[in-house]
1. For segment 176-202, enumerate the residues that are of a type outside the set (S, T, N, Q), surrounded by 12 or more Cβ atoms within 10 Å (Cβ to Cβ) and either under 25 Å from ASN69 (Cα atoms) or in contact with a Pro (Cβ under 7 Å, 6 or more places away or on another chain) (or both).
2. Cβ-Cβ under 8 Å, sequence separation 6+ or interchain: first residue in segment 124-141 and on the phi < 0 side of the Ramachandran plot, partner exposed (fewer than 12 other Cβ atoms within 10 Å of the Cβ) and among the aromatic types (Phe, Trp, Tyr). Which pairs?
3. Could you list, ordered by first residue, the pairs with Cβ atoms under 6 Å in which the first is in segment 17-40 and farther than 15 Å from TYR127 by Cα and the second is at pLDDT below 85 and surrounded by 11 or more Cβ atoms within 10 Å (Cβ to Cβ), at least 6 apart or interchain?
4. Name the residue that is nearest to the chain's Cα centre (by Cα), counting only residues in segment 51-73 that are of a type in the set (D, E, K, R) and more than 17 Å from ASN41 (Cα to Cα).
5. Does VAL48 qualify as being in a strand (DSSP E or B), modelled with pLDDT under 90 and either under 13 Å from the mean Cα position of the chain (by Cα) or not acidic (Asp, Glu) (or both)?
6. Is it the case that segment 23-36 has a residue that's under 14 Å from the mean Cα position of the chain (by Cα), part of a strand (DSSP E or B) and surrounded by 15 or more Cβ atoms within 10 Å (Cβ to Cβ)?
7. From the list PHE76, PHE82, exactly one residue is closer than 17 Å to VAL209 by Cα and under 18 Å from the mean Cα position of the chain (by Cα). Which is it?
8. I'm checking my understanding of the structure. Among residues of segment 57-79 that are surrounded by 17 or more Cβ atoms within 10 Å (Cβ to Cβ) and among the charged types (D, E, K, R), which one is modelled with the lowest pLDDT?
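The values are calculated or read from the model by the stated rules, or taken from the named source; none is laboratory data. Predicted model, so just to flag it, every value in this text is computed and none were measured. Every residue, glycine as well, gets a Cβ built from its backbone with ideal geometry; the counts of neighbours run over all protein chains shown.
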Amino acid sequence: MKKYIFFLLGIISISNLFAQQDPKAKDILDKLSEKTKSYKNIQIDFKVEYISLKDNFKNSSQGTITLQNEKYKLNFMGIESFFDGKTLYSYITESNEVNISEPETDDTDILSNPKQIFTLYEKEYKYQLISESSENGSSFAIIDLYPIDLEKDYSRIRLQINTNLYQLKSATIFGKDGSNYSLAVSAFKTNLSVDDKLFIFDETNYPNVEKIDLRW
């Protein structure tokens, strides 16, 4: 899914000229991280919009993710992903097959390690507060993250944070090829009663599933 994170090549050479470790941005990000880590679990309904500036094309998909410690269950684009903290099972509805893999525990790719979106600023990024605003009684901050590693497939990540609740409202990844992926949170629930079985792929619920083991 790394194809989701590309944008215009020229931006990175410009934006890194002014990207600094902005202390006000750090304060907001620290509070977001602290608040996120305080939850027992998080369930998010979201919409991802893809925009290709080069082809003048866009589409969107909706999904749901439940995060608890290092585990998650993700439903998105016809794929059910079950991660039990070690093994990732990605069930593809259309073909009735499941891909089995073991992601690296220190993987910083947002799309293979979704929880990184809340704490990724803590390493390998510069950050800057772009703006603050109020809307319908809520306060929001826009913060841009710039990867220190210029080899990344994207130039920056823009976060919109509700600074009343210190919850993520949206995140946009700007890829270098002229494509953007924007994730907008439509529902944010915390501290739910969640059975650990939610994060485990139960083969009995998927008759005749084809298993493709990618761990070897």
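1. Keep residues of segment 176-202 that are of a type outside the set (S, T, N, Q), which gives 176-178, 181, 183-185, 187-189, 192, 194-202.
Still in the list and also surrounded by 12 or more Cβ atoms within 10 Å (Cβ to Cβ): 176-178, 181, 183-185, 188-189, 192, 194, 198-201.
Selection gives LEU183, ALA184, VAL185, PHE188, LYS189, LEU192, VAL194, LEU198, PHE199, ILE200, PHE201.
2. From segment 124-141, the pairs are GLN128/PHE18.
3. As it stands, the answer is THR36/PHE118, since those pairs meet every condition given.
4. LYS58
5. yes
6. No.
7. PHE82
8. Among those that are surrounded by 17 or more Cβ atoms within 10 Å (Cβ to Cβ) and among the charged types (D, E, K, R), it is LYS71.
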